[in-house]
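The next block holds one structure in the form of structure tokens; read it before the comments.
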Amino acid sequence: MVAVLLATLLGVEARATGELTLDQALAMARKANRTLVAERAHLAQAQTHIDLAWAVLFPTVAAQGRYTRNNIEFKFPLGNDGAAAAGGPTRFLTIQPKNQLDGVINFTAPLVAPSAYAALGAVKTSIGAAQAEYETSQANVLFSVAQAFYAAAISDEVLAARLSSIEVAAATLRNAEFGFFGVAV
């Protein structure tokens with residue numbers, strides 16, 4: 001009876017394995033209680049926010065590269081500086097090359113970010129609050145399980161005492177009938 005009552009309370013399937021100890025019932029509650037599962041998930045969610053709060057305070061580096069293949073190359077001839085008249089090559093200013101490589105590197109480092117430190121403190125406080133909520137929920141659930149366990153155990157003992165009382169009353173009745181009639185009935 002204790003196993004069935006506690007399994008119903010915990011929301012798990014009742015197993016016909018015999019007696020259920022208090023430690024087993026508490027372990028089942030820690031593992032399978034939906035409230036505790038939700039509180040553990042809420043705590044894990046709060047703990048992931050700490051990484052986001054720290055990310056604002058760390059420097060960042062971003063790099064970007066690009067290759068462009070242009071269909072035509074555009075060059076602008078520079079003025080005659082006397083090199084072409086002397087038989088030298090003409091100089092050109094390239095405006096758009098046929099093959100073009102571009103690159104950008106960006107570095108950002110926060111020097112002063114007071115709001116980020118306040119946000120970090122708020123996240124740490126919310127983690128503490130989530131931890132306290134989890135511990136409170138766990139204490140409430142385990143207390144309820146222990147109460148139900150002891151109530152079921154007492155009910156089993158009361159049932160055993162009443163069955164014993166019925167057996168004693170039946171034996172007393174048989175003894176009284178034997179004494180009254182003088183024969184065994």
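Every number here is computed from the coordinates shown, using simple stated rules; none is lab data. Quantities reported herein were computed from a predicted structural model and do not represent experimental measurements. Note that each Cβ is placed from the backbone with ideal geometry, even for glycine, and that neighbours are counted across all protein chains shown.
Taking amide H atoms as placed 1.01 Å from N in the peptide plane, the amide H of LYS75 lies under 5 Å from those of ILE95, each 5 or more residues away in sequence or on another chain. In order along the range 58-68, phi translates into HN-Hα couplings of 8, x, 10, 10, 10, 10, 9, x, 8, 10, 10 Hz, rounded to whole numbers, per the Karplus curve 6.51 cos²θ - 1.76 cosθ + 1.60 with θ = phi - 60° and x for Gly and Pro.
A crude spin-label estimate for the pair ALA160 and PHE58, with each label 7 Å from Cα along the Cβ direction, gives 6.0 nm. Note on ALA151 and GLN100: the extension gain reaches 10.2 nm, defined as 0.36 nm multiplied by sequence separation minus the Cα-Cα distance. Quick one: grab the alpha carbon gyration tensor of the range 91-170, order the square roots of its eigenvalues as a ≥ b ≥ c, and give me rounded if a/c is under 1.5, else prolate or oblate depending on whether a/b is larger than b/c. Oblate shape, in that a/c is at least 1.5 and b/c is the bigger or equal ratio. Amide hydrogen proximity for ARG91: with H placed 1.01 Å from N in the peptide plane, the residues at 5 or more positions away or on another chain lying under 5 Å are LEU78.
Mind checking which lysines have their Cα closer than 25 Å to the Cα of LYS75? Skip sequence neighbours fewer than 8 apart in that chain. By straight Cα distance, LYS75 reaches LYS98. Taken one residue at a time, the phi angles of the range 28-38 give Karplus couplings (6.51, -1.76, 1.60, θ = phi - 60°) of 4, 5, 4, 7, 10, 5, 5, 5, 5, 5, 5 Hz. Gly and Pro are set to x.
Subtracting the Cα-Cα distance of ALA118 and GLN24 from their residue separation scaled by 0.36 nm leaves 29.4 nm.
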